[in-house]
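Just below is one structure, and these are the notes that go with it.
The values are calculated or read from the model by the stated rules, or taken from the named source; none is laboratory data. From a predicted model like this one, the values you see are computed outputs, not experimental measurements. Cβ placement follows ideal geometry from the backbone for every residue including glycine, while neighbour counts extend to all protein chains displayed. Remember, those area values only see protein heavy atoms, side chains included, never the ligands or the DNA or RNA. Shrake-Rupley method; radii C 1.70, N 1.55, O 1.52, S 1.80 Å.
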Amino acid sequence: MAKQIEQNQTENQATENKSKFRTRIIISTISSILVAFAALVLIRVNNFSDTKDAPSLSHLQEVQLYTYLQETYPQRYEILHKLSYIDNYPSLDVGAGSAILIDVRTGDILYEKNADEIIPPASMTKLFAMYVVDQEVAAGRLSYNQIIPIPEEALACNMPPHSSLMFLGEGQVVTLEELLLGLSICSGNDAAYALAYTVSGSMEAFIERMNQIAFDLKLKNTHFVESSGYSELNTTTAREMAAFCKVYLSEHPDSLKKFHAVRSFTYPKEENMAPGDKYGPQDFSQGLPRHITMGITQSNTNPLLGKLKGCDGLKTGYIDESGYNLALTAIRNDTRFLSVTMRGPGRSTAEGQAGRIKDGTTLMNYAFGSFADLTHISAIKNYFVKNYGSKEMGFYAVPAYNVEGVCVPYLTGDSIADNMNNVQIEVNVPEKITEPVKAGEKVGEIKIILGNNVLETVPLIADRTTTKCNGLMGLIDKVAVKFN
């Protein structure tokens, strides 16, 4: 009996020892797992701490993001847009039948009146011609100082009666720059024809270039049949002309100082004479001769140059069917505005010019007296966001569209500086998120605020699609995110 009891005790002890051993093994295993898990968490935390940016997008990712932005944020590609904080435009004393006023940097519309009425642009057409030539110069296919042959079709004597002219004569030696000055200052129809044949070989081919520009910019009511603006079959609207001018000024800003702001132009000069011609007075009483040898000085047709502070362009236009048109721009303190007025009143050139001065001054005084541009907004940038639970570990929150500046109204304080100083910028974007994202998904926003008015809201979107990591890594990230 005693022996049986002793045997049972031995067996119980062995069983207990085995149980304790198994427990120690389990505890040790669990401890090892926890230590390993903690180590993985620590490594993951350190990895996220060291991750400050994301790789550059692949070509496919760029295409995916671009496609999404086109579909979701069409305002990204609009040239002009309405200010969100203006419900009604002011009542201004503008005599022109159609008008619009914009901020050139931002594309914001500050005022409009019948801006979609289809009207012949008259000589404002020449801005499109200048744009085509500027493209050729920028591409290196033309240069300003090269000599341009004058085709028969561009001689001043072959232009329609009462045309605006720079007075091109047969055999003259003229540079591309001089033709552009004659186009911009004198509004020379002969210069328009010479440039068309120089660039494209024919008026028809040059007009195709001009119309392609209008098509590319989605200017649905803008169409040309010739490049001088003399034809009433050329069409546009104040809104579309303003949109084009914004693009023109953005892409070729040097054209203002080089061409549009020049007050007067004398042509031909002695160095422009055709071989054998003698420079001196001529009699034009019997019409224009083929050889023009007398220098003729003309003032810029823009009546606000030298009269309106900051005015440095842009272009007038008149035919009977359009009335007195004017694309006008001025800059003060790094803020540039542009107005387009069409169907301006007047029974004579003097009355038409007076109307242009009145309307242009009214619109620009309103603009400069009511708005200014806030530029270089450092908050408009890409923000790196850590993405726990994804293989990529992070992405960029990028602005859904570019903001070159904000048109700030004078709502607070007593000066421009007061308004600028009172602008508040709120950036709402997470430093980290715990779920994968899709390219284009909104993850934050930037608000630019003045007083009780939100001047601009810029969505921040994910620049790429991130993929969910495996189950273990997802579990690790759920812990790691609490320490980072």
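Worth a mention:
- Per the Debye calculation on the stretch 92-194 with a single equal scatterer at every Cα and no solvent contribution, log₁₀ I(q)/I(0) for q = 0.13, 0.15, 0.18, 0.21 Å⁻¹ amounts to -0.62, -0.75, -0.91, -1.06.
- Rounded percent of accessible protein surface that carbon and sulfur make up, the chain, 1.4 Å probe: 52 percent
- Annotation: amide H-H contacts under 5 Å for Ala372 (H modelled 1.01 Å from N, sequence separation of 5 or more, or interchain): Val408.
- Estimated vicinal HN-Hα couplings, Hz - the stretch 437-445 in sequence order (Karplus 6.51, -1.76, 1.60; Gly, Pro = x): 10, 10, 4, x, 5, 6, 10, x, 6
- Across the stretch 287-294, coupling constants 3J(HN,Hα) worked out from phi with the 6.51/-1.76/1.60 Karplus curve, θ = phi - 60°, read x, 7, x, 5, 9, 9, 10, 10 Hz, and Gly and Pro carry x.
- Nearest-ten-degree value, helix 238-251 long axis tilted from longest Cα axis of the chain: 70 degrees
- Long-range tail of P(r) for the stretch 339-402 (Cα pairs > 20 Å, %): 61 percent
- Residue-wise HN-Hα coupling along the stretch 267-277, computed from phi with Karplus coefficients 6.51, -1.76, 1.60 (Hz; x: Gly, Pro): 7, x, 9, 4, 6, 8, 4, 5, x, x, 7
- Out-of-range pairs (alpha-carbon distance over 30 Å; input Lys20/Lys391; Lys307/Lys447; Lys258/Lys447; Lys82/Lys468; Lys218/Lys315): Lys20/Lys391; Lys307/Lys447; Lys258/Lys447; Lys82/Lys468
- Per residue, the chain exposes 49 Å² of accessible surface when a 1.4 Å probe is rolled over the protein heavy atoms with every protein chain present.
- Solvent exposure ordering (accessible area, 1.4 Å, most first) of Ser285, Ser255: Ser285, Ser255
- Largest to smallest principal axis extent of the C-alpha atoms in the stretch 194-241, angstrom: 30, 22, 12
- Ellipsoid semi-axes in whole angstrom, largest first, where each is sqrt(5λ) of the Cα gyration tensor of the stretch 286-331: 28, 17, 7
- Between amide H atoms placed 1.01 Å from N, distances below 5 Å from Gly313 occur with Thr329, all of them 5 or more places distant or on a separate chain.
- Helix 203-216 axis, angle to the chain major axis (alpha carbon atoms, nearest 10°): 30 degrees
- Between the listed residues Asn402, Ile425, Gly369, the Cα displaced farthest toward the positive end of the dipole of the stretch 356-453, a dipole computed from Cβ unit charges relative to the Cα centre, is found at Asn402.
- The chain - percent relative contact order, Cα under 8 Å, separation 6 or more: 17 percent
- Here is the size of the stretch 295-429 from its Cα atoms: Rg then Dmax, 22.3, 78 Å.
- Built amide H within the under 5 Å cut-off of Met294, gap 5+: Gly280
- Beta bridges per DSSP with both ends in the chain, % antiparallel, nearest 5: 95 percent
- Global size of the stretch 117-276 as Cα Rg and Dmax, reported in angstrom: 14.9, 51
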